[in-house]
Amino acid sequence: MAWALRALAIAGLLALPFLPWDGFPGDEDSEAAVKGILSVLSLALVGLGLLRDPGPRGRATNGPLVLAALIAIATYFNLGIFHTDRFHHDWEQFHYTLGARYFPELGYDGLYAASVQAQIESPVEGKVPHSEIRDLRTNQVVETFSPEARAHAAEVEARFTEERWRRFVEDHDHFVRDTSPSHLASMRLDHGFNPPPSWTFVARLFVGNQSPLDGARLGALGAIDYVLLAFAFAFAGRAFGGRDLCLALVLFGLSYPGRFFWVGGALLRHDWLAAVILGVALMERRRFAWAGAALGWAASVRLFPALFLLGPAIVAARALIRRERPTWALRLGAGFAAAVLAALLAGALTGRGFGAWREFTDAIRLHRDTWLTNNVGFENVLLYDLETMRRELVDFSLPEPWIHWQAKMDALRESRAPMLLIGKALLVILFGFAVAGRDPPRATALGVFPIFVVFLSTCYYWQMLLLVAFAGSLPLLIATLLLNAAMWGLHPLTAAFEARYGLFSWGLLLVLGGWLALWLRGAIRRARDRGAAGRAA
């Protein structure tokens, strides 16, 4: 095995000069080729590192693992090329920086309407608003200059004081100047500004109100995530050891669904991930109250991380059944509740009072009712078919190309609701039995399983798979690395997100289902051994 892995690593190194670097990373096929080879190279190095140190988790790391981690991190950052010509992510910064800075006036429905009006008033010549825009009140694409759209734009502008509107136009001018008209038009066809008010409270501490937006400031805002992640990873390294840290970095850097393209260089798009990593590491250090607080904050700014508590809740329930006293669970729950309460209060301090939470609930419900083509989850496995993944119902001549596809997905979800419910319940129950015997940190790290089953999460959130490194399952770790490498190989075969993330959903089901199958085989074997021992007695 060792000689084969060495040969694979050497072959990967020899292949590097012949990769299509000229188109990297702007051309997706070039990026897939480069990152596919780097994934295989890193996978070989991980194998060598694990063979060199097959001992229990937490042991010190070694050369191959360190090299694999460094390659993976460089791969994530596109080897320092970032977004070809810049570090910050204009699309993300348009939504999250403008949305947070002017949240008191824009709320959840005003960003695109205000953007059109600001562009009309902009001193930048030669760029006019596109003819279509998404109405964030209904999530429908409408004509930009229809009477209803113009009335909405006027109503949004009226929410500003004269000074605040002047600042908004000045800040918005950066995006008018720095992006092409078609790119800015595409931004206004996205789905708006949707984070909870608790996230907005923190973001507003960073975006401020005074300094005008420019590339340097947006770059600094985009770097905050990596400061948070560096702190979380460093703490995790102290808690779990160098080897598990390197494996987590490899999973993070080589993540197919979470590549830099999506939210790299954005504002606070990895804050929840840093909080979850920190929460699992704090749990390993027996700091359960602080761990609960970290997980509570992650849940308060992204909602779905609340399911990371399912594993430790099952572990605690098992302890109670055995008449033990899991006092750690009380501390964990208290920390979680305190963080959620603090988040609720913080969200009311964003300029729109407690009503911001009601507005968020309405906006997120509307958003959840809209199918996204880059979602990952168990529902894709049961609902996607060849027609879906081939985009046979997508018509790019329409203002909303996916409207027929959306209607089909809504109909399928309704008709297959019983199947979805039974499948989800069965998988969550099996997860409960499989995780019950684990300790709290590993049960928490395995929370990626119920999140996959219960939620449809946008692809970039699946960087959470790095938590597999802390789950104590080597087969699950290797299978996750193999899935990422395989997806880089499949990437050039289709440009359709439905196909890419439909296949990734299937692959993730096989990975997590394989982990369940291994647990089930072990449970059957242990039951058989206990039966044999009982008969012998």
Roughly how many nanometres apart are two label points built 7 Å out from the Cα toward the Cβ at Ala338 and Leu19? 4.6
Based on the Kirkwood radius over alpha-carbon pairs, what is the Stokes-Einstein translational diffusion coefficient of the stretch 128-218 at 37 °C with 0.692 mPa s viscosity, in µm²/s? 219
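Volume per residue, Å³, of the convex hull around the alpha-carbon atoms of the chain?
Details: hull volume 89.1 nm³, N = 537.
With only Cα atoms used, the chain gives 166 Å³ per residue.
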Looking at Phe103, Met464, Val34, which one has the Cα that reaches farthest to the positive end of the dipole of the chain (charges on Cβ: Lys, Arg +1; Asp, Glu -1)? Met464
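Could you please tell me the mean projected area of the C-alpha convex hull for the stretch 70-178, averaged over all directions and given in square nanometres to one decimal?
Working: hull surface 33.8 nm².
Dividing the Cα hull surface by four gives the mean projection, 8.5 nm².
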Once the whole set of protein chains is in place, how much accessible area is left on Ile403, using a 1.4 Å probe, in Å² to the nearest 10? 80
Of the residues Gly242, Leu303, Trp290, the Cα lying farthest along the dipole of the stretch 203-312 towards its positive end, which is defined by charges on the beta carbon of Lys, Arg, Asp and Glu, belongs to Trp290
Unit charges on C-beta of K, R, D, E only; dipole of the stretch 148-227, Debye: 100
Which stretch or stretches of the stretch 276-303 have amide N atoms under 14 Å from the point lying 7 Å from Leu330's Cα along the Cα→Cβ direction? 289
Could you pull the accessible area for His88 with a 1.4 Å probe, rounded to 10 Å²? 10
Label-to-label distance, nm, for residues given as Ala11 and Ala154 (7 Å Cα→Cβ offset): 6.8
What's the Cα-based Rg to Rh of the stretch 143-269, Rh via Kirkwood? 1.07
Working from Cα positions, state the angle (0 to 90°, nearest 10) between the long axis of helix 417-435 and the longest principal axis of the chain. 50
Treating only the Cβ atoms of Lys and Arg (+1) and Asp and Glu (-1) as charged, compute the dipole magnitude of the stretch 489-537 about its Cα centre; round to the nearest 20 debye. 460
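For Arg286 and Leu345, what does the FRET efficiency come to when R0 = 30 Å and r is the distance between their Cβ atoms, rounded to the nearest 0.05? The partial results should precede the final answer.
Values: r = 28 Å, r/R0 = 0.95.
It comes out at approximately 0.60.
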Per-residue accessible area for Glu31 at 1.4 Å probe radius, Å² rounded to 10? 10
Taking only Cα atoms of the stretch 385-537, the Rg to Rh ratio with Kirkwood Rh works out at 1.07
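By how many nm would the segment from Ile81 to Val227 grow when fully extended, if each residue of separation counts as 0.36 nm and the alpha-carbon distance is taken off?
Values: separation 146, 0.36 × 146 = 52.56 nm, distance 1.90 nm.
So the chain would gain 50.7 nm between Ile81 and Val227.
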Ile524 paired with Arg322, simple spin-label distance in nm, labels 7 Å along Cα-to-beta-carbon: 2.5
Could you compute the FRET efficiency for Val128 and Glu163, with r as their C-beta to C-beta distance and R0 at 30 Å, rounded to 0.05? 0.70
0 to 90° range, to nearest 10: angle between helix 147-157 axis and the chain longest Cα axis: 80
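Stretch Glu392-Leu490 to full length: gain in nm at 0.36 nm per residue minus the Cα-Cα span? Could you put the intermediate results ahead of the total?
Details: separation 98, 0.36 × 98 = 35.28 nm, distance 1.99 nm.
Extra length available between Glu392 and Leu490 comes to 33.3 nm.
Hey, what does the equivalent ellipsoid look like for the stretch 34-104, semi-axes from the Cα gyration tensor as sqrt of 5 times each eigenvalue, largest first, whole Å? Kindly include the intermediate steps, with their values, before the conclusion.
On the way: eigenvalues 273, 54, 14 Å².
After diagonalising the Cα gyration tensor, the semi-axes are 37, 16, 8 Å.
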Accessible-area ranking of Lys35, Lys424, largest first, probe 1.4 Å: Lys424, Lys35
Distance between the C-alpha centers of the stretch 401-427 and the stretch 288-364? Whole Å please. 29
Does the stretch 317-468 come out rounded, prolate or oblate by the C-alpha gyration tensor, with a ≥ b ≥ c the root eigenvalues, rounded set by a/c under 1.5 and, if not, prolate when a/b is larger than b/c and oblate if not? oblate
Computed over the chain: longest principal axis from alpha-carbon atoms vs helix 327-347 long axis, angle to nearest 10 degrees, is 10
Placing unit charges on C-beta atoms (Lys and Arg positive, Asp and Glu negative, everything else neutral), compute the dipole magnitude of the stretch 448-537 about its Cα centre in debye, rounded to 20. 560
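The values are calculated or read from the model by the stated rules, or taken from the named source; none is laboratory data. A quick note: this is a predicted structure, and the numbers were derived from the prediction, not measured. Note that we place each Cβ from the backbone using ideal geometry, even for glycine, and neighbour counts take in every protein chain shown. With ligands, DNA and RNA removed, areas are computed over all heavy atoms of the protein, side chains included. Shrake-Rupley method; radii C 1.70, N 1.55, O 1.52, S 1.80 Å.
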